[in-house]
Every structure is written in C-alpha cells, then in structure tokens.
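Read through the structure below, which is laid out as structure tokens, and then see the notes.
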Amino acid sequence: MARRHDPERRDRIIDAAISCIAEDGVAGTSHRRVAARADVPLGSMTYHFASMDDLLVEAFTRFATSIADTFEQRLAASPDQDAAAEAVVALIHGDLQRSQREHVLTYELYTLAARRPAFRSITQTWMRASRRALERHFAPETVRALDAYIEGAALHIALDPDPQPPAATRAAVDRLTRAPARGAVASVRP
C-alpha cells in the first residue's frame, strides 16, 4: 500500500486543534475530534505530537504568535507616538475584538497559563513581544502599565454590554503615556 504524501498534515492538525479549542474549549478538545477536523487518521496525532499537551502548546503558540505579529505590524507602521496611541486604540477596539473565537482562545490560554508552566511560558513570550512593540514609541517604565491596560480594556470591551467608546480608550492611553516630569512621583488617590 502506497504511503500518502501529506507535508501539510502537521500544520492542519495544529489549525484543527485551534478550531476545536475555539468551539469546545480545551476540555472538549480530544485527539479524535482534532483528527476528524483535520481529516487525518487518528494515528497521525501521536506520530506528530507525543501528547495532547504537546499539541496544545503548539496550537496556543501559533495563536499567540499571530496576535503578537498583528500588534508588531500596527506599531511598526506608526511613525510617531501619537500614531502609536491611535494604533493601540485600534488594537483594543478592532484587532482584539475581531471575533468571539479569538476571545475564547485567549481566555482558554490564560486559564491554562494560570496553572501550568508550559502555557505560562507562551503568555510570557507574548507579553515580551507586545512590550517590545510598545517600546518603539513609549518609555519602558510606561510600557508595562500600557500593556496591562490593553489586556484589561480588551477584556472589558469584549464582555461589557455597554463597552467604553474608542474616545474613552484614547483618553486613558493618553493619561498612561503622558510622561511625568523627571523626578516626579505619581500620586495615588486613596
């Protein structure tokens, strides 16, 4: 019996895993479901991936990398800090709101990362990439807070029945990125 040449099989399996996770969550994703969605024999699963965790790591790495790449492209295309602030607003209200599918994938990854180091490593790599992109335009001491705001604002916009408008997001980004005078300490209200 001739062996079928299928050089894209591994990639199809990873893409199928991403789709299964988006549809049924990590808990509902199995070798059998992924194989069926990828249209590959069940035995291909263990040939390409030693375990379900190996497959999940590959799937979430691909997903996180695609989001980080979009982030990088938007900020790299920004010629100055004002354009970068607009790019951040567009990321929060546009790119990070593209689909329910991406929200589910993001939150499934965060849940795994909260419990397991292999997945935490993916989120840490994603955060480092986001921060490097932001550091093109904003002070390093501001970037961590801005990155956290982006994540939180995107979550609130996704889940709030009355989400804040882009103008409110832009005002918050401006407040976060406005550099205080050297030596000044930001006051914290009780």
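The values are calculated or read from the model by the stated rules, or taken from the named source; none is laboratory data. A quick note: this is a predicted structure, and the numbers were derived from the prediction, not measured. Reconstructed Cβ throughout: ideal geometry from the backbone, glycine too, with neighbour counts over all protein chains shown. The protein model used for the area step is the full one, side chains on, heavy atoms only, and it has no ligands, DNA or RNA in it. Shrake-Rupley method; radii C 1.70, N 1.55, O 1.52, S 1.80 Å.
Descriptive notes on the structure:
- Of all residues making up the range 122-141, the number that are assigned to a helix (DSSP H, G or I) and either open to solvent by less than 20 Å² (accessible area, probe 1.4 Å) or over 27 Å from Leu176 (Cα atoms) (or both): 5
- Hey, Asp82 at pLDDT 95 or above and open to solvent by 40 Å² or more (accessible area, probe 1.4 Å) or not: yes
- Hits in the range 104-120 - residues which are among the small types (Gly, Ala, Ser) and open to solvent by 50 Å² or more (accessible area, probe 1.4 Å): Ala114, Ala118
- When the range 160-179 is filtered for residues that are among the basic types (Lys, Arg) and either over 23 Å from Ala77 (Cβ atoms) or open to solvent by 70 Å² or more (accessible area, probe 1.4 Å) (or both), the ones remaining, listed by number, are Arg175, Arg178.
- Matching entry among Ile150, Ile157 (being at pLDDT 95 or above and either surrounded by 17 or more Cβ atoms within 10 Å (Cβ to Cβ) or part of a helix (DSSP H, G or I) (or both)): Ile150
- For the criterion of being in contact with a Ser or Thr (Cβ under 9 Å, 6 or more places away or on another chain) and among the aliphatic types (A, V, I, L, M), Leu55 passes.
- Residue in the range 53-64 that is at pLDDT below 95, within 30 Å of Pro166 (Cα to Cα) and among the hydrophobic types (A, V, I, L, M, F, W, C) present: no
- Members of the range 88-127 found to be within 19 Å of Val173 (Cα to Cα) and under 12 Å from the mean Cα position of the chain (by Cα), listed by number: Leu91, Ile92, Asp95, Leu96, Gln97, Met127
- Arg144 part of a helix (DSSP H, G or I), of a type in the set (Lys, Arg) and surrounded by fewer than 20 Cβ atoms within 10 Å (Cβ to Cβ): yes
- For first residues located in the range 39-61 and under 20 Å from Arg120 (Cα atoms) and open to solvent by 50 Å² or more (accessible area, probe 1.4 Å), partners that are aromatic (Phe, Trp, Tyr) and outside any helix (DSSP H, G or I) and lie 6+ apart or on another chain with Cβ distances below 9 Å form the pairs Glu58/Phe49.
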